[in-house]
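Visitor: Can you read through this structure? Questions will come right after.
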Protein chains: 2
Amino acid sequence: MQAFCAAIDWGTTSFRIWLMAEDGSVVSERRSNEGMTIAAETGFQTVLDTHMRALDAPQTLPVVICGMAGSRQGWQEARYLTVPSPLADIAAKAVRVNGPSRDIRILPGLARRETARPDVIRGEETQLLGAFSGSHASGLACMPGTHSKWVKVSNRSVTDFSTYMTGELFSLIARRSILRHAVGDADNCDPESGDFLQAVADAHANPSDLSRLLFSIRGGQLLYGREVTSSFERLSGLLIGSEVGAALSMQETREPIMLIASGKLAALYKSAFLSLGREIVMIDADEAVQRGLYYGARHFWPGTDTQADYG
Amino acid sequence: MQAFCAAIDWGTTSFRIWLMAEDGSVVSERRSNEGMTIAAETGFQTVLDTHMRALDAPQTLPVVICGMAGSRQGWQEARYLTVPSPLADIAAKAVRVNGPSRDIRILPGLARRETARPDVIRGEETQLLGAFSGSHASGLACMPGTHSKWVKVSNRSVTDFSTYMTGELFSLIARRSILRHAVGDADNCDPESGDFLQAVADAHANPSDLSRLLFSIRGGQLLYGREVTSSFERLSGLLIGSEVGAALSMQETREPIMLIASGKLAALYKSAFLSLGREIVMIDADEAVQRGLYYGARHFWPGTDTQADYG
């Protein structure tokens, strides 16, 4: 199939590119570790050209990008849109990269401009654009990750969002805190394990108790010889349970949660939500970002096909 | 004044020794970084002998030790006492180091043996022994640090305690997380600063919101150009406010809090408690550990002076 555009998710430490046909299907793809950190050294243009050549992409093929390439330290700044903001503005307010003859657009992130709790999103907004481009127009989205995002969407507008540092805290605590002795070299958490689910329940019941519950992993190692896998699963469960407990305590309704995730994190959060008796709608994060980028591409370069169903 | 004993607080990364007269006053002292980590390599006996010679201590002077030297990875294990436990047992159940002709005693730590939340103390129990050897027989003690301890004491018995990983989380987040960009090279927190006190109030009001409030420091940097000192003070305030909020939410009474601390941490926690309208009793942690070690010494080697007033 002929490529209609190239779509790129350009994060801090990862780079993913897809060539897409006019109907949004993926023709070919590449991945590398040339995220913003490396590309800022190598040059964003150089990294892009290398991958475009490797994919045999035509010189004139246009490119749509989301993620950290649009940050102030990135290729060219695509300023945050202030929430509340219609998702459609993510495409409408994209910037075109100055210089290259090729048409390259970068999608902006979202900002919560409130001095008591300022917050930012860059990258996940494009997943939201994709996730809410079909039958879903409203909902509470949970997007787990290094910095988990919880986002309220109403009539295809982002009305509010919050960031929880769950994934980053997990890495720091598991690998660099005193608890590293308890988790040892364990690196896999079974989403159905009793230790994981008990920890989710414990922290969800009292998310403010996180710091004390974390240290109980040390106590479990010293007093009861708790195994490393068990400690690892408990650590994972405590952090996820605490995030979910804190985030849900701010919701009035028990509407299903839209879980936008992939891989291991999708399995862990799914298991956590189900064990807490919460309904979820699973949305694959990789597919969502592809759909979001495609939505942008169709906005910039309207083709002959029918537009995505979007407000 | 003639030395009656040597008293040592032997932590993971620090070593402090005092020669004490028969009335408990300090005759001379030394400090070094030869904590358990280094002493386990060099040899505990070697480290002790070096400092005793440097202090011109007699060959027969007895030694009382608290802290990590009594852990399983230390010099000789002094097994945890299970709470509830009378503080007097810390002296009564000390172990004598096998081998040396010199009389060397190591005080045990405390354990909370409950599978739902096991916890341990090693070192702070001796501060408690000192803090509760005078006019105070009961109270809620806050002992801030890398691993802050909150301890309930009733009639000179420890009835319960909890550990919060506040200091360790602070170091990891300030120096290794994404927030390191926001705090930069700032390393001083003014206990009276508006940023510190506002953060204490924010996190105390909703300790479960910690992870989200932490990320707002990133938002403040990106959206409002918040200064590094301001971010550092806010980070410190959020972690202390969250600890205090979580710990106090489990208390029924508004009794004064016994703040056992020294130096910068004493000033920060004092300011935090006062701003929250809580009464405190300040107890210097260094003096408390000296008094606790002295209490042990008088138990092992009763002299001619009056015993400390203790149950």
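The values are calculated or read from the model by the stated rules, or taken from the named source; none is laboratory data. Values in this document were obtained by computation on a predicted structure and should not be read as measured data. Virtual Cβ from ideal backbone geometry, glycine too; neighbours counted across all protein chains shown.
Visitor: When region A:36-83 is examined, which residues are found to be of a type in the set (Asp, Glu) and more than 14 Å from A:Asn98 (Cα to Cα)?
Guide: Answer for region A:36-83, where residues must be of a type in the set (Asp, Glu) and more than 14 Å from A:Asn98 (Cα to Cα): A:Glu41, A:Asp49, A:Asp56.
Visitor: Still on this model: What are the residues in region A:159-212 that are β-branched (Val, Ile, Thr), within 21 Å of B:Ala205 (Cβ to Cβ) and surrounded by fewer than 23 Cβ atoms within 10 Å (Cβ to Cβ), if any?
Guide: Within region A:159-212, no residue meets the criteria.
Visitor: Now, a different point. Please find, among A:Arg278, A:Arg298, the residue that is more than 23 Å from A:Gly194 (Cβ to Cβ) and surrounded by 15 or more Cβ atoms within 10 Å (Cβ to Cβ).
Guide: A:Arg298
Visitor: Can we say B:Ala261 is of a type outside the set (Lys, Arg) and either under 18 Å from B:Ala174 (Cβ atoms) or crowded, with 21+ Cβ neighbours inside 10 Å (or both)?
Guide: yes
Visitor: For the structure I just gave you, tell me whether A:Thr115 is of a type in the set (Val, Ile, Thr), outside any helix (DSSP H, G or I) and in contact with a helix residue (DSSP H, G or I) (Cβ under 8 Å, 6 or more places away or on another chain).
Guide: Criteria met by A:Thr115.
Visitor: Taking A:Leu248 as the residue in question, decide whether it is in contact with a strand residue (DSSP E or B) (Cβ under 9 Å, 6 or more places away or on another chain) and more than 9 Å from chain B (Cβ to nearest Cβ).
Guide: yes
Visitor: Do you know which residues across region B:156-203 are within 22 Å of the chain's Cα centre (by Cα) and in a helix (DSSP H, G or I)?
Guide: Passing the criteria: B:Thr166, B:Gly167, B:Glu168, B:Leu169, B:Phe170, B:Ser171, B:Leu172, B:Ile173, B:Ala174, B:Val200.
Let's see how each residue does on (1) in contact with a Ser or Thr (Cβ under 6 Å, 6 or more places away or on another chain); (2) within 12 Å of another protein chain (Cβ to nearest Cβ); (3) part of a strand (DSSP E or B):
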site: B:Ala111; (1), (2), (3): yes, yes, yes
site: B:Glu125; (1), (2), (3): no, no, no
site: B:Ser135; (1), (2), (3): no, no, no
site: B:Lys152; (1), (2), (3): yes, no, yes
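Visitor: Filter region A:259-276 down to the residues that are under 20 Å from A:Leu129 (Cβ atoms) and either part of a loop (DSSP other than H, G, I, E, B) or more than 13 Å from the chain's Cα centre (by Cα) (or both) and list them by number.
Guide: A:Ser262
Visitor: Can you tell which of A:Thr37, A:Thr50 is modelled with pLDDT of 95 or more and more than 27 Å from A:Ser154 (Cβ to Cβ)?
Guide: Criteria check complete, one pass: A:Thr50.
Visitor: Also, quick follow-up: What are the residues in region A:61-88 that are surrounded by fewer than 17 Cβ atoms within 10 Å (Cβ to Cβ) and either in contact with a Ser or Thr (Cβ under 8 Å, 6 or more places away or on another chain) or among the acidic types (Asp, Glu) (or both), if any?
Guide: Across region A:61-88, the qualifying residues are A:Glu77, A:Pro84, A:Pro86.
Visitor: What's the number of the condition A:Phe4 fails, among (1) on the phi > 0 side of the Ramachandran plot; (2) in contact with a strand residue (DSSP E or B) (Cβ under 6 Å, 6 or more places away or on another chain); (3) touching a residue at least 60 places away in the same chain (Cβ under 8 Å)?
Guide: Checking A:Phe4 against (1) on the phi > 0 side of the Ramachandran plot; (2) in contact with a strand residue (DSSP E or B) (Cβ under 6 Å, 6 or more places away or on another chain); (3) touching a residue at least 60 places away in the same chain (Cβ under 8 Å), the one that fails is (1).
Visitor: Determine which single condition B:Asp89 fails, assuming it passes every other condition in (1) assigned to a loop (DSSP other than H, G, I, E, B); (2) modelled with pLDDT of 95 or more; (3) not basic (Lys, Arg).
Guide: (1)
Visitor: Do the conditions hold for A:Thr229, that is, is it surrounded by fewer than 22 Cβ atoms within 10 Å (Cβ to Cβ) and assigned to a loop (DSSP other than H, G, I, E, B)?
Guide: Taking the combined requirement at face value, the residue does not satisfy it.
Visitor: Among the listed residues B:Ser230, B:Ser208, which satisfies the condition of being of a type in the set (Gly, Ala, Ser) and modelled with pLDDT of 95 or more?
Guide: Exactly one residue qualifies, and that residue is B:Ser230.
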